[in-house]
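Report on one structure; see the data block that follows.
The values are calculated or read from the model by the stated rules, or taken from the named source; none is laboratory data. Since this is a predicted model, take the numbers as computed values, not measurements. Cβ placement follows ideal geometry from the backbone for every residue including glycine, while neighbour counts extend to all protein chains displayed. These accessible areas exclude ligands, DNA and RNA; they are computed on the full protein's heavy atoms, side chains included. Shrake-Rupley method; radii C 1.70, N 1.55, O 1.52, S 1.80 Å.
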Amino acid sequence: MLVVMKNDATPDEIERACSAIRALGLVPHPIPGDTRTAIGVTGNRGAIDATALAGLPAVLELIPVTKPYKLTSREMKSADTVVRIGSVEIGGPEVIVIAGPCSVEGAEQTLAAAHAVKRAGARMLRGGAFKPRTSPYAFQGLGGAALDILARARAETGLPVVSEAVDTDRFDDVAAAVDVVQIGARNMQNYSLLRHAGRARRPVLLKRWMSGTLEEFLMAAEYLLSEGNRDVILCERGIRAFSDYSRYTLDLSIVPELKRITHLPVIVDPSHAAGRRDLVLPLARAAVAAGADGLLIEVHPEPDRALSDGPQSLSPAMFAELMDELRVLAPAVRREIATAA
Ligand code: PEP
Ligand code: MN
């Protein structure tokens, strides 16, 4: 349920409404808006007996929220959420491109990638320190050493950094070192990891599992929001279908559908969906046209020597071409590709 406060409600009156919600054994989530505050209510298993709330002086109206996802839904918060990472705003009018290697393989490789993507106009750097690999024998990432390299790349380029946390054990180390913590596709339904990330004070980039439905995806985001983390970015990265020419199938129709039902920013990762570098540019264009708020692109200084995801990684020259193409396309759909301030 959503408790909409009158636009002249005082902080005391908002707190009184929150206390009344708590007294019912429920959890209040104040959502400040431009003109008034609303309070999302979660924790009920059935309908709420709201008589105690309806009588409070500064309460304007009580609106039932019909969807199973509450805090992520536009029924609770109609205005777009803009996630701010330094001067980067994801979910605003500009399209943000995040780029870098699949894995941090060493300082030289990561710094070369970081400088190249910055030159081409990326606003954030990606790079995996802890890698969730299908094979236990595959390169698993450099771990803590990679976090130090990412910190150096950030210091040299000024680009905020996103990197994945694969478990709760090392989550806090990743969160301390980076600007945005990625929760990978395979962990979309790792509920202890989601709860942990929800309590962290770091924005989270949540990827859709390759078999995750839209509802399961939003319920995963709901774990993050229900624990207090409102800075959540959703990422479509391809689902499992019967394609025999690409690694996954990029489900672009989820972009406008998510934008319709959630206020959270939605970005697209064409690299993992394609699995082939020649498909990345056309899919990136299509993602921007479909309304994505950003893109996550794998770029490696020497893609053919990459320790993970080389076939889908762009060279710096291909990435620069992609950025040029997107700058041409974006205005046609009334967006701009963000450039460094
Ligand atoms: C990645 O971003 O390198 C990654 C492992 O992605 P996903 O979780 O989408 O497979
Ligand atoms: Mn990868």
Given (1) in a loop (DSSP other than H, G, I, E, B); (2) in contact with a His (Cβ under 7 Å, 6 or more places away or on another chain), number of the condition A113 does not satisfy: (1)
Qualifying residue in the range 242-257 (condition: away from ligand 2 (no atom under 16 Å from the Cβ), surrounded by 15 or more Cβ atoms within 10 Å (Cβ to Cβ) and in a strand (DSSP E or B)): yes
Some residue of the range 84-100 being within 30 Å of D12 (Cβ to Cβ) and away from ligand 2 (no atom under 16 Å from the Cβ): yes
Number of the exception - E227 against (1) away from ligand 1 (no atom under 13 Å from the Cβ); (2) of a type in the set (D, E, K, R); (3) open to solvent by 60 Å² or more (accessible area, probe 1.4 Å); (4) over 23 Å from I96 (Cβ atoms): (3)
Any hit, the range 82-100, residues being more than 18 Å from A338 (Cβ to Cβ) and in contact with a strand residue (DSSP E or B) (Cβ under 7 Å, 6 or more places away or on another chain): no
Qualifying residue in the range 115-125 (condition: open to solvent by 10 Å² or more (accessible area, probe 1.4 Å), at pLDDT 95 or above and within 30 Å of I31 (Cβ to Cβ)): yes
Residue among A292, A338, A287 that alone is at pLDDT below 95 and open to solvent by less than 60 Å² (accessible area, probe 1.4 Å): A338
Considering residues of the range 90-114 that are open to solvent by 30 Å² or more (accessible area, probe 1.4 Å) and touching a residue at least 60 places away in the same chain (Cβ under 8 Å) only, the residue farthest from S163 (Cα to Cα): P93
Any hit, the range 205-219, residues being open to solvent by 20 Å² or more (accessible area, probe 1.4 Å), within 16 Å of ligand 2 (Cβ to nearest atom) and under 14 Å from the mean Cα position of the chain (by Cα): yes
Checking V174 against (1) open to solvent by 20 Å² or more (accessible area, probe 1.4 Å); (2) assigned to a helix (DSSP H, G or I), the condition it does not meet: (1)
Search result, residues across the range 177-189 that are within 13 Å of ligand 1 (Cβ to nearest atom) and in a helix (DSSP H, G or I): A185, R186, N187
Subset tally (residues that are within 16 Å of ligand 2 (Cβ to nearest atom) and either more than 24 Å from G310 (Cα to Cα) or of a type in the set (D, E) (or both)) for the range 262-298: 2
